[in-house]
Every structure is written in structure tokens, then in C-alpha cells.
Amino acid sequence: MNKELMAAIEMIEKEKNISRDSLFDAIENSLLTACKNNFGKVDNFRIDMNRETAEYKCYAVKDVVETEDDVMDPAMEIAYEDAVKIKPGIQVGETVDIELDSKEFGRIATQNAKNVILQKIREEERDAIYNEYSSKEHNIVTGVVQRFLGRNISINLGHADAILAENEQVRYEHYRPTQRIKVYVLEVRGGNRGPRILVSRTHPDLVRRLFEQEVAEIQDGTVEIKSISREPGSRTKIAVYSNNPNVDAVGACVGVNGSRVNLIVDELNGEKIDVVSWDENPGNFIQNALSPAKIVAVFADPDDKTAKVVVPDYQLSLAIGKEGQNARLAAKLTGYKIDIKSETQAKDAPGFRVEDYMDDEEDEEYYDEEEEYGEYEEGEYAGE
């Protein structure tokens with residue numbers, strides 16, 4: 001058994017990357033269990049195992065008492081005259097190790113050791129997989145569509161399978177077996193049957209991680225992603241800012257002739273991506289967020305997180321977007337509730353005056369919103 005056991009331990013150590021010490025610990029525990037099953041349910045057994053040869057001995061540890069009459073529990077105590085034969089010089093009150101004949105339970109111990117090793121392998125593999133993928137939480141990984149589980153999809157990640165739930169799938173995407181896709185790891189949960197890995201194709205941070213992979217300026221911290229708003233499968237707006245005045249944040253993310261952003265669009269199966277400049281001035285930021293629409297004026301209230309936006313009549317539908325998508329994404333991106341009006345609508349509002357929104361040289365009339373919002377400080381809004 002010893003040679004076979006050592007060969008098995010060495011093989012497991014190499015192939016499964018499980019430490020030898022953890023395997024020996026498990027085997028020693030199984031031998032203790034075998035001792036108790038064979039010699040009695042007491043807690044005075046000890047296993048002495050040579051971890052180089054896998055040879056072992058089993059001992060019962062007993063307290064030494066003066067005479068046979070003092071022995072109250074033979075499983076736990078031994079008379080002095082018997083103890084001194086085993087260990088000369090021992091004194092009353094000390095303990096003595098009495099070797100047990102392990103041959104009596106060798107078959108049971110062998111089977112137990114085998115079961116323990118198998119169980120340990122399963123546990124270590126589960127732990128290794130959990131540790132591997134828990135470190136990838138909130139990052140993207142590449143997987144292969146494996147099979148459909150009702151409305152959910154099993155994605156093979158290499159060493160484990162992940163679940164792409166129905167509500168984490170993009171409505172307009174069609175998945176097929178063996179298809180390679182990138183997914184965002186939402187959560188990794190431990191379990192008796194192995195870790196449960198939940199992934200997503202709809203999370204906004206999927207787009208964030210894709211940009212971090214493709215744009216070197218984001219990786220080195222020159223360009224920051226300030227915010228993202230996304231309607232999966234349709235459109236995403238991403239606000240970026242450069243910490244280096246010599247680096248154009250939008251240009252770095254788009255790449256030469258759109259090379260960088262197009263790679264991400266392809267990965268997202270044609271989802272449109274608007275890259276806009278982040279600005280600490282909320283008026284400027286809102287104006288950028290509503291691109292590609294042209295803006296006449298923006299009045300932003302930082303306290304209420306609301307904004308009034310005026311656009312040329314012919315730009316109103318573009319600013320709002322199909323089914324309100326452009327305005328909705330801009331609102332999510334900036335964190336402001338945005339009310340968009342055309343120039344005609346703005347002029348019809350009572351008290352509207354150009355000087356409240358435009359530069360001095362402009363001569364168009366606009367309505368005055370000071371009555372509704374009160375006085376505002378310079379820099380709270382920006383217009384063309």
C-alpha cells in the first residue's frame with residue numbers, strides 16, 4: 001500500500017496542483033477515523049506517518065495509574081506495571097503510547113484513505129476554480145457558448161462553466177453553440193458542487209473593460225472613463241477625460257480612422273458607441289453628451305440636477321433621438337434630468353430673453369428662466 005500510496009500522492013501533486021501536505025493531513029485524519037471505528041470511539045489515538053515513505057503507525061495514548069485496581073477505563077488508562085514494560089522509566093501520571101496492530105483495520109484504512117484522497121481532490125479543484133474566477137470578478141473573460149439551459153445559456157470558460165442568465169443577454173444578439181464571446185463576470189459564488197459563476201453581456205462595465213483592453217492611454221491612467229450609459233445592443237455613450245493636456249481623450253479612444261472603437265463595436269455586434277468629452281462644467285458636459293445634436297444653449301441647475309436645453313428646430317428630433325434614446329442616454333451619462341426644447345418652443349415661453357442664454361453679439365430672442373429658477377452664477381451653464 002505504501003508504495004502505491006506514494007505514487008498516487010506524487011501523481012496528484014503534479015497533475016492537480018494539490019500540495020502533498022494537505023493530502024497527508026487528509027490521510028492521517030482518515031486513519032484516525034479507522035482507529036476509532038476499529039478500537040472504540042475514544043479520542044486518545046495518534047497517527048505517526050512518515051511523509052517520505054508513507055509508512056505509518058497507530059498508537060493509543062493512555063494515562064499511567066498505580067495499580068490495576070486504579071484503572072477505571074482500560075481504553076484510556078494503564079497500570080504502572082504494564083506501562084513500564086512498554087516504556088522503562090515512565091512515572092505514574094505520565095502518558096504512554098501503545099502501538100496498535102494496524103493490520104486489523106488495514107483494509108478499512110486503505111479504503112478510507114482512497115475515499116479521502118478523492119474527496120480532497122474534488123475539494124481542492126473546487127477551491128482552485130473558485131480562486132481563479134473570483135479574482136476575475138468585475139472583469140471580462142472569453143468563453144464558448146456550450147448549451148442552452150431553458151432560457152439561460154451555459155458558457156464554458158475553460159476550467160469551469162458560467163451561466164448567462166436570460167436577463168443578462170442582449171435582446172438583439174443570437175447565440176449559437178461553439179460561438180466565442182466575451183462576457184463580464186458579475187459574481188462567483190462558492191458551493192458544494194463547485195463555484196457558480198454568473199456572467200453578463202448587458203452590463204455597462206463590459207464596455208468599460210473593452211475600452212481598457214484596447215486603449216493604452218486608459219491602461220496607463222492618462223485617459224479616464226468618467227461615466228457610461230448603455231442600452232445593450234443599441235447604443236452606448238461613454239464620457240472620457242484626459243489628465244494630459246497634450247492627449248485628446250476622445251481621439252485616443254476612437255483611434256486612427258476609428259480603429260479602436262470599431263474593434264469594440266464588432267465585439268458588441270454593431271452596437272453604436274458615442275465617445276464624448278467629460279467636463280467639470282455641467283453645461284458643457286450636457287452639451288457634449290447630447291452629441292451629435294447641435295445645442296443653442298444649456299441652463300443647468302447643479303443643486304436640483306436638472307437642465308434646460310435649447311436646440312435649433314431642425315435638431316430637436318436628433319437631440320431627443322429615436323424613442324427618446326439620445327436624451328435618455330445623455331441624462332444617465334450626466335446624472336441630470338434634461339428638458340429639451342426647440343428654439344420656437346423656447347420663444348413661446350413667457351419672458352424668454354436672449355441675454356440669459358447667449359453671448360452679447362447674438363440678437364435672437366429667448367425666454368427668461370430666472371423667474372422659474374432664480375438667480376444663477378456664471379459657469380452653471382454653457383451655450384454655443
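Six or more apart or on different chains, Cβ under 6 Å: which pairs go from a residue in segment 136-151 that's in the same structural domain as I181 (by TED's automatic domain parsing) and modelled with pLDDT under 95 to one that's surrounded by 15 or more Cβ atoms within 10 Å (Cβ to Cβ) and small (G, A, S)? Could you list them?
Final answer for the pair search is Q146/S154; R147/S154.
Being surrounded by fewer than 16 Cβ atoms within 10 Å (Cβ to Cβ) and out of contact with any helix residue (DSSP H, G or I) (no Cβ under 6 Å at 6 or more places or on another chain) is the filter here; which residues of segment 140-151 pass it? Step through it out loud before you land on a result.
Let us first name the residues in segment 140-151 that are surrounded by fewer than 16 Cβ atoms within 10 Å (Cβ to Cβ), namely 142, 144, 147-151.
Listed by number, the residues that qualify are T142, V144, R147, F148, L149, G150.
Which residue out of T178, T222 is within 25 Å of E132 (Cα to Cα) and of a type in the set (S, T, Y)? Give the steps one after another, and end with the answer.
Details: T222 fails: within 25 Å of E132 (Cα to Cα).
Selected residue: T178, the only one of T178, T222 that is within 25 Å of E132 (Cα to Cα) and of a type in the set (S, T, Y).
Check whether at least one residue in segment 226-233 is more than 18 Å from K272 (Cα to Cα) and in the same structural domain as G270 (by TED's automatic domain parsing), and report yes or no.
If we filter segment 226-233 for residues that are more than 18 Å from K272 (Cα to Cα), which is where we start, we get 226.
Now drop any that are not in the same structural domain as G270 (by TED's automatic domain parsing), which leaves 226.
So far as segment 226-233 goes, yes, one or more of its residues are more than 18 Å from K272 (Cα to Cα) and in the same structural domain as G270 (by TED's automatic domain parsing).
Would you mind finding the one in V185, V247, V240 that is outside the structural domain of A331 (by TED's automatic domain parsing), among the aliphatic types (A, V, I, L, M) and within 28 Å of R126 (Cβ to Cβ)?
Details: V247 fails: within 28 Å of R126 (Cβ to Cβ); V240 fails: within 28 Å of R126 (Cβ to Cβ).
So the residue among V185, V247, V240 that is outside the structural domain of A331 (by TED's automatic domain parsing), among the aliphatic types (A, V, I, L, M) and within 28 Å of R126 (Cβ to Cβ) is V185.
Taking R180 and the conditions (1) under 23 Å from the mean Cα position of the chain (by Cα); (2) touching a residue at least 24 places away in the same chain (Cβ under 8 Å); (3) surrounded by 14 or more Cβ atoms within 10 Å (Cβ to Cβ), which numbered condition does it fall short on, given that it satisfies the others?
Result: R180 fails condition (3) only.
Would you please list the contacts, defined by Cβ atoms under 7 Å and residues six or more apart or on different chains, that run from a residue in segment 285-296 that is under 14 Å from K308 (Cα atoms) and not assigned by TED's automatic domain parsing to the domain that holds S229 to a residue that is buried (at least 22 other Cβ atoms within 10 Å of the Cβ) and charged (D, E, K, R)?
Listed pairs, sorted by first residue: A289/K237.
Only one residue in I197, I225, I181 is in contact with a strand residue (DSSP E or B) (Cβ under 7 Å, 6 or more places away or on another chain), within 23 Å of V256 (Cβ to Cβ) and among the aliphatic types (A, V, I, L, M), so which one is that? Give the derivation first.
Values: I197 fails: within 23 Å of V256 (Cβ to Cβ); I181 fails: within 23 Å of V256 (Cβ to Cβ).
Just one listed residue meets the conditions, I225.
Condition first: at pLDDT 90 or above, out of contact with any Leu (no Cβ under 7 Å at 6 or more places or on another chain) and among the aromatic types (F, W, Y). Can you find one or more residues in segment 346-357 that meet it? Walk me through how you get there before you give the answer.
The initial filter retains those residues of segment 346-357 that are at pLDDT 90 or above, namely none.
There is no residue in segment 346-357 that is at pLDDT 90 or above, out of contact with any Leu (no Cβ under 7 Å at 6 or more places or on another chain) and among the aromatic types (F, W, Y).
Check off (1) of a type in the set (S, T, Y); (2) free of Cβ contacts under 8 Å to residues at least 12 places away in the same chain; (3) surrounded by 19 or more Cβ atoms within 10 Å (Cβ to Cβ) for S259 and give me the number that stays unchecked.
(3)
Collect the residues in segment 293-311 that are touching an Asp or Glu at 6+ places or on another chain (Cβ under 8 Å) and not in a strand (DSSP E or B), keeping them in residue-number order. It would help to see each step written out before you state the result.
To start, the set of residues in segment 293-311 that are touching an Asp or Glu at 6+ places or on another chain (Cβ under 8 Å) comprises 294-297, 299-302, 306-311.
Within segment 293-311, K294, I295, V296, P302 qualify.
Select from segment 64-93 the residues that are touching a helix residue (DSSP H, G or I) at 6+ places or on another chain (Cβ under 9 Å), within 25 Å of T33 (Cα to Cα) and touching a residue at least 24 places away in the same chain (Cβ under 8 Å) and write down the one among them that is surrounded by the fewest Cβ atoms within 10 Å (Cβ to Cβ).
A75
What are the residues in segment 256-299 that are basic (K, R) and touching a helix residue (DSSP H, G or I) at 6+ places or on another chain (Cβ under 6 Å), if any? Don't jump to the end; show me each part of the working.
The first filter runs over segment 256-299 and keeps only residues basic (K, R), leaving 260, 272, 294.
Matches in segment 256-299: R260, K294.
Hey, among A54, A26, A60, which residue is at positive phi and of a type in the set (A, V, I, L, M, F, W, C)? Lay out the reasoning, then the answer.
Working: A26 fails: at positive phi; A60 fails: at positive phi.
Among A54, A26, A60, only A54 is at positive phi and of a type in the set (A, V, I, L, M, F, W, C).
Among I98, I86, I78, I90, which is in contact with a Phe, Trp or Tyr (Cβ under 7 Å, 6 or more places away or on another chain) and either among the basic types (K, R) or at pLDDT 85 or above (or both)?
Values: I86 fails: in contact with a Phe, Trp or Tyr (Cβ under 7 Å, 6 or more places away or on another chain); I78 fails: in contact with a Phe, Trp or Tyr (Cβ under 7 Å, 6 or more places away or on another chain); I90 fails: in contact with a Phe, Trp or Tyr (Cβ under 7 Å, 6 or more places away or on another chain).
From the options I98, I86, I78, I90, the qualifying one is I98.
If we keep just the residues of segment 276-291 that are within 31 Å of the chain's Cα centre (by Cα) and crowded, with 21+ Cβ neighbours inside 10 Å, which is nearest to L210 (Cα to Cα)?
First, pick out the residues of segment 276-291 that are within 31 Å of the chain's Cα centre (by Cα): 276-280, 285, 289.
Now restrict to residues that are crowded, with 21+ Cβ neighbours inside 10 Å: 276, 278, 285, 289.
Values: V276: 17, W278: 19, F285: 23, A289: 20 Å.
Residue satisfying both the conditions and the ranking: V276.
Please state which of the following conditions A330 fails to meet, knowing it meets all the rest: (1) under 23 Å from E224 (Cα atoms); (2) at pLDDT below 90; (3) aliphatic (A, V, I, L, M).
(2)
The values are calculated or read from the model by the stated rules, or taken from the named source; none is laboratory data. Since this is a predicted model, take the numbers as computed values, not measurements. Reconstructed Cβ throughout: ideal geometry from the backbone, glycine too, with neighbour counts over all protein chains shown.
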